[in-house]
1. In this structure, does Ala136 turn out to be closer than 21 Å to Glu12 by Cα, in contact (Cβ under 8 Å) with a residue 60 or more places away in the chain and hydrophobic (A, V, I, L, M, F, W, C)?
2. Would you mind finding the one in Thr106, Thr142 that is in a loop (DSSP other than H, G, I, E, B) and either out of contact with any Ser or Thr (no Cβ under 7 Å at 6 or more places or on another chain) or buried (at least 18 other Cβ atoms within 10 Å of the Cβ) (or both)?
3. Tell me whether segment 70-87 contains one or more residues that are surrounded by 14 or more Cβ atoms within 10 Å (Cβ to Cβ), at pLDDT 95 or above and among the polar types (S, T, N, Q).
4. Being of a type in the set (S, T, N, Q), under 12 Å from the mean Cα position of the chain (by Cα), surrounded by 14 or more Cβ atoms within 10 Å (Cβ to Cβ) and at pLDDT 95 or above, is that true of even one residue in segment 146-161?
5. If Gly22 meets every condition in (1) at positive phi; (2) in contact with a Gly (Cβ under 8 Å, 6 or more places away or on another chain); (3) not β-branched (Val, Ile, Thr) apart from one, which number is that one?
6. What are the pairs with Cβ atoms under 6 angstrom where one residue, in segment 9-22, is under 14 Å from Ala151 (Cβ atoms) and the other, located anywhere, is aliphatic (A, V, I, L, M)? Sequence gap at least six, or different chains.
7. Answer yes or no: is there a residue in segment 50-69 that is in a loop (DSSP other than H, G, I, E, B), of a type outside the set (Val, Ile, Thr) and in contact (Cβ under 8 Å) with a residue 12 or more places away in the chain.
8. Please verify whether Ala122 is over 12 Å from the mean Cα position of the chain (by Cα), modelled with pLDDT under 95 and closer than 14 Å to Val68 by Cα, treating the condition exactly as stated.
Amino acid sequence: MPESANPASGEERAAAALAASGIAHTATRHGRVGSLEEAAAARGLRPDQVLKTIVVRRGEGDHVFVLVPGGRAIAWPKLREALGVSRLSLPDAEAARAATGYERGTITPFGSTHAWPVIADARIPAAGPVSIGGGAHGVAYTVDADALVAARAATVADVTDPE
């Protein structure tokens, strides 16, 4: 659904989509943080349990969400191989917002204005709590990693390297 057709805020869209998914979740509101370590501490988790949702452009009007655990970064050759493509790029802030309805730093795979496919890095801690963005700065949701992967029908692949 185009963003203009959905007047809800990013936080409201994320909360509604997460609730509709049926997976158990806990919201954390802590305000802006300055580092991965601060985010993990505010959420009561280890840094590797804090997931970044990064929107990646495969082509014109074609994106994917990549779930990256804290302390890791996308390994572009690995991601290109996993997706079977020769080119990928990071959209600029405005293009990322147009593709997802979310501002950078708030992107979540729940409630996006388009349900892009999800790639989950193989190093995401399994069968335990992880934190994902909540559609607004300083808002996050703690969910079970396996439930997240299942709810978003994510493809699990080795697509990151240490930062």
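1. Values: closer than 21 Å to Glu12 by Cα: yes; in contact (Cβ under 8 Å) with a residue 60 or more places away in the chain: yes; hydrophobic (A, V, I, L, M, F, W, C): yes.
The answer is yes for Ala136.
2. Thr106
3. Checking segment 70-87: not a single residue is surrounded by 14 or more Cβ atoms within 10 Å (Cβ to Cβ), at pLDDT 95 or above and among the polar types (S, T, N, Q).
4. no
5. Exception for Gly22: condition (2).
6. If the second residue must be aliphatic (A, V, I, L, M), the pairs left are Ser21/Ala151.
7. Within segment 50-69 (the criterion being in a loop (DSSP other than H, G, I, E, B), of a type outside the set (Val, Ile, Thr) and in contact (Cβ under 8 Å) with a residue 12 or more places away in the chain), the answer is no, since none of the residues qualifies.
8. Considered against the rule, which asks whether it is over 12 Å from the mean Cα position of the chain (by Cα), modelled with pLDDT under 95 and closer than 14 Å to Val68 by Cα, Ala122 comes out as no.
The values are calculated or read from the model by the stated rules, or taken from the named source; none is laboratory data. All values derive from a computational prediction rather than experimental measurement. Neighbour counts run over all protein chains shown; Cβ positions are idealised from the backbone, glycine included.
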